[in-house]
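What follows is a set of notes on a single structure, which appears directly below.
The values are calculated or read from the model by the stated rules, or taken from the named source; none is laboratory data. Predicted model only: the values in this text are computed from it and were never measured. Ideal geometry is used to build each Cβ from the backbone, glycine not excepted, and the neighbour counts take in all protein chains shown. Just so you know, the surface numbers come from the protein's heavy atoms only, side chains and all, with ligands and any DNA or RNA stripped out. Shrake-Rupley method; radii C 1.70, N 1.55, O 1.52, S 1.80 Å.
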Amino acid sequence: SVSTAGSGDVASNLLINTIARRWDERADRLVDASDDTLEAFLVESLVLANDAICATSLRIVGGPLTNHMPMGTTAILAMARGGKVLLAALGDSRAYVVGAAGAASVLGDQNLRGAWLASWLRGAPIAFDGGGHALVGYVGRFNAEDQPDALPPALRRLTLLPGESLVLCSDGLNDYAAGSAAELANMLEQACAMDDPEAAARSLVARANEGGGGDNVTVLV
């Protein structure tokens, strides 16, 4: 939202196109691949997307990034094979597992608040002023020398049980669809009780728009 070298929409489209192209090239070889190979595919895809976004930022500026804010995007990737799911995420897009026991987020937000909470868990808390929404994880990162420098994504492996659902979403859902975590969990449970996953996703997008729709919202069930 504050970039002067591109935009979040451009960055997210570059991310999608880069990963889709890489999937088309590799899908046949991944069918029988090990979990480690699949996870490496997700990580390498995010590195390539980071490079593509950074290269486009530099082309837009037409020179050094001095006095410019390059574009970036959050990302969450899931690869499912049977009930086994591998996740890779950068930023504050979320993955929820929804089942008989309710809905639970399985990845923490990679923002200042998330970094502060993680520092407490490590026993070495960092200073925190309450401005917790600024991202510390994203795709489109440069290092101090203005060279593309991808961040390591958060990785998770999980197994879905029969009847459980996986919901992937951008923060436009959790920021606007509900007023509390409990309300959002209830909303996710109701949506995932639908027979049609696409209808479930659309119902959640509609709830975010009814709640103000102040951010772009993407939902996949």
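Hey, His68 hits all of (1) surrounded by fewer than 21 Cβ atoms within 10 Å (Cβ to Cβ); (2) out of contact with any helix residue (DSSP H, G or I) (no Cβ under 8 Å at 6 or more places or on another chain) but one; which does it fall short on?
(2)
Any residue in the range 138-154 that is farther than 19 Å from Ile53 by Cβ and in contact (Cβ under 8 Å) with a residue 24 or more places away in the chain?
No: zero hits.
Name the residue that is farthest from Asp215 (Cα to Cα), counting only residues in the range 151-182 that are open to solvent by 80 Å² or more (accessible area, probe 1.4 Å) and of a type in the set (D, E, K, R).
In this case the residue turns out to be Arg157.
All but one of (1) within 23 Å of Ala144 (Cα to Cα); (2) open to solvent by less than 20 Å² (accessible area, probe 1.4 Å) hold for Gly63; which doesn't?
Status for Gly63: all satisfied but (2).
Output the residues belonging to the range 131-141 that are open to solvent by 30 Å² or more (accessible area, probe 1.4 Å) and not β-branched (Val, Ile, Thr).
Once the filter is applied, which keeps residues that are open to solvent by 30 Å² or more (accessible area, probe 1.4 Å) and not β-branched (Val, Ile, Thr), the range 131-141 yields Gly131, His133, Ala134, Leu135, Tyr138, Arg141.
For the range 29-47, give me each residue that is open to solvent by 80 Å² or more (accessible area, probe 1.4 Å) and at pLDDT 95 or above.
Once the filter is applied, which keeps residues that are open to solvent by 80 Å² or more (accessible area, probe 1.4 Å) and at pLDDT 95 or above, the range 29-47 yields Asp36, Glu44.
I'd like to know if the range 84-94 contains one or more residues that are closer than 18 Å to Leu135 by Cα, of a type in the set (Lys, Arg) and open to solvent by 10 Å² or more (accessible area, probe 1.4 Å).
yes
Given the residues Val136, Val221, which is the only one that is among the aliphatic types (A, V, I, L, M) and in contact with a Pro (Cβ under 7 Å, 6 or more places away or on another chain)?
Within the list Val136, Val221, the selection yields Val221.
Among the helices (runs of 4 or more DSSP H) lying completely within the range 8-125, list those that include at least 2 residues that are farther than 26 Å from Leu160 by Cβ and in contact (Cβ under 8 Å) with a residue 40 or more places away in the chain.
So the answer is 8-30, 35-61.
Under 18 Å from the mean Cα position of the chain (by Cα), of a type in the set (Ser, Thr, Tyr) and open to solvent by less than 90 Å² (accessible area, probe 1.4 Å): is that true of Ser3 in this structure?
no
Matching residues to (1) touching a Lys or Arg at 6+ places or on another chain (Cβ under 7 Å); (2) open to solvent by less than 50 Å² (accessible area, probe 1.4 Å); (3) more than 22 Å from Thr73 (Cα to Cα):
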{"site": "Glu189", "(1), (2), (3)": "no, no, yes"}
{"site": "Pro197", "(1), (2), (3)": "no, no, yes"}
{"site": "Ala200", "(1), (2), (3)": "no, yes, yes"}
{"site": "Leu204", "(1), (2), (3)": "no, yes, no"}
{"site": "Asn209", "(1), (2), (3)": "no, no, no"}
{"site": "Gly213", "(1), (2), (3)": "no, yes, no"}
{"site": "Thr218", "(1), (2), (3)": "no, no, no"}
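I'm told Val10 meets every condition in (1) under 16 Å from Thr74 (Cα atoms); (2) of a type in the set (Val, Ile, Thr); (3) surrounded by fewer than 17 Cβ atoms within 10 Å (Cβ to Cβ) except one. Can you identify the failing condition by its number?
Checking Val10 against (1) under 16 Å from Thr74 (Cα atoms); (2) of a type in the set (Val, Ile, Thr); (3) surrounded by fewer than 17 Cβ atoms within 10 Å (Cβ to Cβ), the one that fails is (3).
State whether the residues of the range 133-145 include one that is outside any loop (DSSP other than H, G, I, E, B), of a type outside the set (Asp, Glu), more than 22 Å from Ala181 (Cα to Cα) and at pLDDT 90 or above.
For the range 133-145, residues outside any loop (DSSP other than H, G, I, E, B), of a type outside the set (Asp, Glu), more than 22 Å from Ala181 (Cα to Cα) and at pLDDT 90 or above: present.
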